[in-house]
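A short write-up of the structure that comes next.
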Amino acid sequence: MRRTAIVPAIVLGLSSFASAAPAQATGGVPGLDTCGQFSDVQICSGEVTSWDGSPLDVDLTLPKPGVGDRHPLIVMLHGFGNNKHEWESTTDEGDNADKWRWNNHWFAEHGFYVLTYTARGFLDLGRDSKRTDQPDTPAGHSPCSLPPDEPGSYCQPFGTIHLKSRDYEIKDTQWLAAEVAKAFPDVDTNAVAVTGGSYGGGESWMQASQPVWDAFSATHAELPVLHLQVAVPKYPWTDLGYSLAPNGHKGPFDGTIYSSSSGNPTSDTGDGNPVGVIKDSYATGFFFQGLAQGFFETTPENLPGWFNDAVVVGDPYDAGSAGTDRPVYIKELRRGLTELRGAFYQDEFWAPQVAKREVAIFSVSGWTDDLFPPVEAFRQFKYLKSLDRLWPVEVAVADVGHPRAQNPAFEWHPLNDRAWGFLKEQIHGSHRQQTTVLTMPTICPPAGDETGPVQHLTGRTPEELASGTLTVQYATPGRLRNTKATPTEDPDNLQTDPVTGFLAGAPGCRASVAPRLVDETARYTAYSAPLDRPRVYIGLGEVHLAYTLIGANTATLLARVWDVAPDGTAFLMTRGAYRIDGNLGPPPAGFDSLPSGMLDLPLFGNHWMLAAGHKVRLDLTQVDFPTFLPGNSMDALIAFPSADLVLPTREATTLTFPGA
């Protein structure tokens, strides 16, 4: 069974292919002046001028003849560092996983116009060299062939990456879609859908907050108004601030770990919780991938400044931040990654939908996706259901998405089938209905014979996927120091990193190489007693801890949870992060007057079968690098008398196990 990983282009690598498409004039969208037949569908390509004059490299796949007189339009948005070819294929099967029956060919066969384009700031380097099913449509010109200060350059603003800003990329999609509808009168302007993965998934959620695409009505009356009916985000974010830097704090919105966020959905500044722990390998990889293709926005928002201030300089960000400029910078970053780029913060657009028409949303997340884990969909699901319990929003979670996900075909096929059924039901008029959260398990390691249907489970809410709990009480005390100077002291840091592990060829099922460390102040490791019966861990889970922080007033606490077989083999089930920063409370009983508190560290979650006889191992550490950016407080010491791990289970019982 073929398995693929969904990663940015910096990990995969893309190569160029020359176009062999025959040319003919279309007389349609200005700039789409080259059309060709690819397999049995027609695709028109060219550079189309966007709303602010930026040339965008566009492909438009036409619906197959004979499939209706009025045609829906779907926009398919690519991931960071990729291009318009990502969702294109010459077959319905695509890559046999994520793109299986979810590509331009599939939708054109079913009567859709399919708009794919390369987002501003990125290069169209041709089809993915790993995907021979993609059509060789012509690649557009490089928008960043010259530095912005050289004569003849049109990189600024055309080659500028705005990171899916509400003020730029969101407008690009709506402009191009309106241009298509203007050029082709048989486009049904009341039947529009949007979908995308990762970078495109974050935008898909943002677009769903705007059911009527009429931003250009006042200035361009010739452009038709479009009505978005359905959005299908895949492995997306809804709070870009939290997804890149999880703080681990319960959501101010409803006080649960299933809504953990940077701030409250009604906040225009992203305030509410501390700045989190930056996912360093991903953040750094994305930043340099962006620099390799384009230029990040520097005004009015200074995106390189955000990276330098948050990633290069590091903490403290909130409590204890020194100087006068830095807190202002952090405020700009907070607002930029939430209000301007996070669907969770579009309350001014979500609330009015309740009294009118609500965009139908089918969101797919990955249990084993360390970049955009399921809380990114869960928080938005819960928020929309708080506005209307019948909002047509459905969430599906499986072993898919960015690394460490395995992306098996036997899970992607039913996910795409379900998404297609949802889209068909809603495309000609989204409507309120009861919806669920669906989950499929992580099979680790895969047995190799998963050819039939994989059992899926559903719940009315993310929490209701589980009916009971498994609590492990680790009685061993711990003292954790900051090992920033020697991060390789723990070999599991590198082994479990989603990016470096993938580059090294590590399988999605990450096995531990360091059951214990020589110096246990670098990492707390504790085991449960063997389970006396199998349990199905399903949901997020959390670590409860009473702690004292010595030598600092800010620190990070990171967790990894392992399934340990009787032979000692340990597979990583989930991980989590928590920022101690400005949230110190009164010391718990038995602690002195040093900065102390109680914390609940939420985990990324999973749907995992724990077998009888297996143990559950808990790791706690201040440094899990390169996955997370280490804290700067070198003298920080976190001390705690014990730790409780609480995992939600499908079984309707409450079990408590001691540490071994």
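The values are calculated or read from the model by the stated rules, or taken from the named source; none is laboratory data. Since this is a predicted model, take the numbers as computed values, not measurements. FYI the Cβ positions are ideal-geometry reconstructions off the backbone, even for glycines, and counts take in every protein chain you see. Note: areas computed on protein heavy atoms with side chains; ligands, DNA, RNA excluded. Shrake-Rupley method; radii C 1.70, N 1.55, O 1.52, S 1.80 Å.
Assorted remarks:
- Within the range 630-642, one or more residues are among the hydroxyl-bearing types (Ser, Thr, Tyr), within 30 Å of Asn553 (Cβ to Cβ) and either in contact with a strand residue (DSSP E or B) (Cβ under 6 Å, 6 or more places away or on another chain) or surrounded by fewer than 24 Cβ atoms within 10 Å (Cβ to Cβ) (or both).
- Residue match in the range 288-298 (condition: open to solvent by 10 Å² or more (accessible area, probe 1.4 Å), in contact with an Asp or Glu (Cβ under 9 Å, 6 or more places away or on another chain) and either part of a strand (DSSP E or B) or modelled with pLDDT of 95 or more (or both)): no
- Taking the numbered list (1) closer than 27 Å to Gly342 by Cβ; (2) at pLDDT 95 or above in turn, Pro143 passes all entries but (2).
- Qualifying residue in the range 450-471 (condition: farther than 30 Å from Ser642 by Cα, acidic (Asp, Glu) and without any contact (Cβ under 8 Å) to a residue 12 or more places away in the chain): no
- Residues located in the range 527-544, provided they are surrounded by 23 or more Cβ atoms within 10 Å (Cβ to Cβ) and either touching a Phe, Trp or Tyr at 6+ places or on another chain (Cβ under 6 Å) or among the hydroxyl-bearing types (Ser, Thr, Tyr) (or both): Tyr537
- When residues of the range 422-434 are limited to those that are open to solvent by 30 Å² or more (accessible area, probe 1.4 Å) and either part of a helix (DSSP H, G or I) or modelled with pLDDT under 95 (or both), the one farthest from Leu73 (Cα to Cα): Glu425
- Filter result (assigned to a helix (DSSP H, G or I), crowded, with 20+ Cβ neighbours inside 10 Å and of a type in the set (Gly, Ala, Ser)) within the range 346-382: Ala377
- Top-ranked residue in the range 14-38 [being hydroxyl-bearing (Ser, Thr, Tyr) and either modelled with pLDDT of 95 or more or buried (at least 18 other Cβ atoms within 10 Å of the Cβ) (or both); ranked as farthest from the chain's Cα centre (by Cα)]: Thr26
- Evaluation of Val41 against (1) buried (at least 19 other Cβ atoms within 10 Å of the Cβ); (2) among the aliphatic types (A, V, I, L, M); (3) at pLDDT below 95 (one fails), failing number: (3)
- For the range 167-197, filtered to residues that are open to solvent by less than 10 Å² (accessible area, probe 1.4 Å) and hydroxyl-bearing (Ser, Thr, Tyr), the residue that is nearest to Glu425 (Cα to Cα) is Thr195.
- Residue tally, condition among the hydrophobic types (A, V, I, L, M, F, W, C) and in contact with a strand residue (DSSP E or B) (Cβ under 7 Å, 6 or more places away or on another chain), over the range 409-445: 9
- Residues of the range 208-257 satisfying the condition of being surrounded by fewer than 23 Cβ atoms within 10 Å (Cβ to Cβ) and among the acidic types (Asp, Glu): Asp214, Glu222, Asp254
- Hits in the range 564-584 - residues which are among the charged types (D, E, K, R), more than 20 Å from Phe372 (Cα to Cα) and surrounded by 24 or more Cβ atoms within 10 Å (Cβ to Cβ): Asp581
- Residues in the range 104-117 that are under 30 Å from Phe295 (Cα atoms) and assigned to a loop (DSSP other than H, G, I, E, B): there are none.
- Asp172 being within 24 Å of the chain's Cα centre (by Cα) and at pLDDT 85 or above: yes
- Being modelled with pLDDT of 90 or more and over 29 Å from the mean Cα position of the chain (by Cα) is a property that Ser165 lacks.
- Residue list for the range 622-653, restricted to those being over 31 Å from the mean Cα position of the chain (by Cα), among the hydroxyl-bearing types (Ser, Thr, Tyr) and modelled with pLDDT of 95 or more: Ser642
- Tallying residues that are in a strand (DSSP E or B) and open to solvent by 20 Å² or more (accessible area, probe 1.4 Å) within the range 603-626 yields 2.
- The range 111-125, residues that are farther than 28 Å from His71 by Cα and of a type outside the set (A, V, I, L, M): Gly121, Phe122
- The range 453-475, residues that are assigned to a loop (DSSP other than H, G, I, E, B), at pLDDT 95 or above and surrounded by 14 or more Cβ atoms within 10 Å (Cβ to Cβ): Thr461, Pro462, Ala466, Ser467
- If only residues of the range 259-287 that are among the hydroxyl-bearing types (Ser, Thr, Tyr) and open to solvent by 30 Å² or more (accessible area, probe 1.4 Å) are counted, the one that is nearest to Leu540 (Cα to Cα) is Thr266.
- Selection within the range 107-117 - out of contact with any Pro (no Cβ under 7 Å at 6 or more places or on another chain) and crowded, with 24+ Cβ neighbours inside 10 Å: Phe107, Val114, Leu115, Thr116, Tyr117
- Screening Arg131, Arg120, Arg101 for residues that are open to solvent by less than 10 Å² (accessible area, probe 1.4 Å) and in a loop (DSSP other than H, G, I, E, B) leaves exactly one candidate, Arg120.
- Among the residues making up the range 68-86, those that are assigned to a loop (DSSP other than H, G, I, E, B) and either touching an Asp or Glu at 6+ places or on another chain (Cβ under 7 Å) or within 12 Å of Thr116 (Cβ to Cβ) (or both) are Asp69, Arg70, His78, Gly79, Asn82, Asn83.
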